[in-house]
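Trainee: One structure follows; several queries about it will come next.
The values are calculated or read from the model by the stated rules, or taken from the named source; none is laboratory data. These figures come from a predicted structure and were not determined experimentally. Backbone-built Cβ (ideal geometry, glycine too); neighbour counts: all protein chains shown. Just the protein is used for accessible areas: all its heavy atoms, side chains included, with ligands, DNA and RNA removed. Shrake-Rupley method; radii C 1.70, N 1.55, O 1.52, S 1.80 Å.
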Amino acid sequence: MRTADVVIIGSGIAALMAAEEICQSKNVILFTKKKIWDSNSMLAQGGIAAVMTEDDSWELHKQDTLEAGCNVNNIEAVEELVKSGTTSMKDLVSIGMEFDKDESGQFHLGREGAHGKNRILHSGGDATGKHLVETVYARIKDKITIIEHEMVIDLI
């Protein structure tokens, strides 16, 4: 019987990021009902919005996000998200995530939806999710136990 300090159910980017963080100090088993590559995260084509330039701010990002959400967003959650976005993107780069860059080596930032500034980071054009999953997977594959093709019905 396998034992673990932490059991993670699912293989999307949230699960993989949690495993990446936790496996530094705990024994982790990750269960996925199909293969590790069969997640919606692998199919995510859009980019990730974050303040990455001097002419942008978390306040502007917040305003755009609230507008895009027709002002029914949870304001505290939006504020936390946009305030931590820059650091989160830098953290992803530090673990090996490669975002698209322009000819001068700067991030190629797109503009989508209700955004008033170019702040969308992409990887591989429209393959951001795939690249993010592959990046995190490469970091954790030898540090955790991954059990594929297994449904988790009961936990005892």
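Trainee: Collect the residues in the stretch 116-133 that are of a type in the set (D, E, K, R) and crowded, with 17+ Cβ neighbours inside 10 Å, keeping them in residue-number order.
Mentor: LYS117, ARG119, LYS130
Trainee: Among the residues of the stretch 16-27, which ones are within 13 Å of THR145 (Cα to Cα) and under 19 Å from the mean Cα position of the chain (by Cα)?
Mentor: LEU16, ALA19, GLU20, ILE22, CYS23
Trainee: Can you give me the number of residues within the stretch 102-146 that are more than 30 Å from ASN27 (Cα to Cα) and of a type in the set (S, T, N, Q)?
Mentor: 4
Trainee: Mind checking whether some residue in the stretch 66-76 is β-branched (Val, Ile, Thr) and either within 30 Å of THR145 (Cβ to Cβ) or part of a strand (DSSP E or B) (or both)?
Mentor: no
Trainee: Would you confirm whether or not the stretch 58-80 contains a residue that is among the basic types (Lys, Arg) and either open to solvent by 50 Å² or more (accessible area, probe 1.4 Å) or in contact (Cβ under 8 Å) with a residue 40 or more places away in the chain (or both)?
Mentor: No, there is no match, as no residue in the stretch 58-80 is among the basic types (Lys, Arg) and either open to solvent by 50 Å² or more (accessible area, probe 1.4 Å) or in contact (Cβ under 8 Å) with a residue 40 or more places away in the chain (or both).
Trainee: Here is a list of conditions, (1) assigned to a helix (DSSP H, G or I); (2) in contact with a helix residue (DSSP H, G or I) (Cβ under 7 Å, 6 or more places away or on another chain); (3) modelled with pLDDT under 95, and GLY46 meets all of them except one; can you say which number that is?
Mentor: Every listed condition holds for GLY46 apart from (1).
Trainee: I'd like the residue in the stretch 39-57 that is buried (at least 20 other Cβ atoms within 10 Å of the Cβ) and of a type in the set (S, T, N, Q) and, out of all such residues, is farthest from GLY10 (Cα to Cα).
Mentor: Filtering the stretch 39-57 for residues that are buried (at least 20 other Cβ atoms within 10 Å of the Cβ) and of a type in the set (S, T, N, Q), the one farthest from GLY10 (Cα to Cα) comes out as SER41.
Trainee: May I ask you to list the residues in the stretch 87-115 that are touching a His at 6+ places or on another chain (Cβ under 9 Å) and surrounded by fewer than 15 Cβ atoms within 10 Å (Cβ to Cβ)?
Mentor: Within the stretch 87-115, GLU98, LYS101, ASP102 qualify.
Trainee: For the stretch 9-38, how many residues are within 23 Å of THR128 (Cβ to Cβ), outside any loop (DSSP other than H, G, I, E, B), of a type in the set (Val, Ile, Thr) and open to solvent by less than 20 Å² (accessible area, probe 1.4 Å)?
Mentor: Counting residues in the stretch 9-38 that are within 23 Å of THR128 (Cβ to Cβ), outside any loop (DSSP other than H, G, I, E, B), of a type in the set (Val, Ile, Thr) and open to solvent by less than 20 Å² (accessible area, probe 1.4 Å) gives 0.
Trainee: Let me ask something additional. Could you list all residues from the stretch 100-156 that are touching a residue at least 60 places away in the same chain (Cβ under 8 Å), in a loop (DSSP other than H, G, I, E, B), within 18 Å of ALA14 (Cβ to Cβ) and not polar (S, T, N, Q)?
Mentor: If the condition is that a residue be touching a residue at least 60 places away in the same chain (Cβ under 8 Å), in a loop (DSSP other than H, G, I, E, B), within 18 Å of ALA14 (Cβ to Cβ) and not polar (S, T, N, Q), then LYS143, ILE144, GLU148, VAL152 are the ones that fit.
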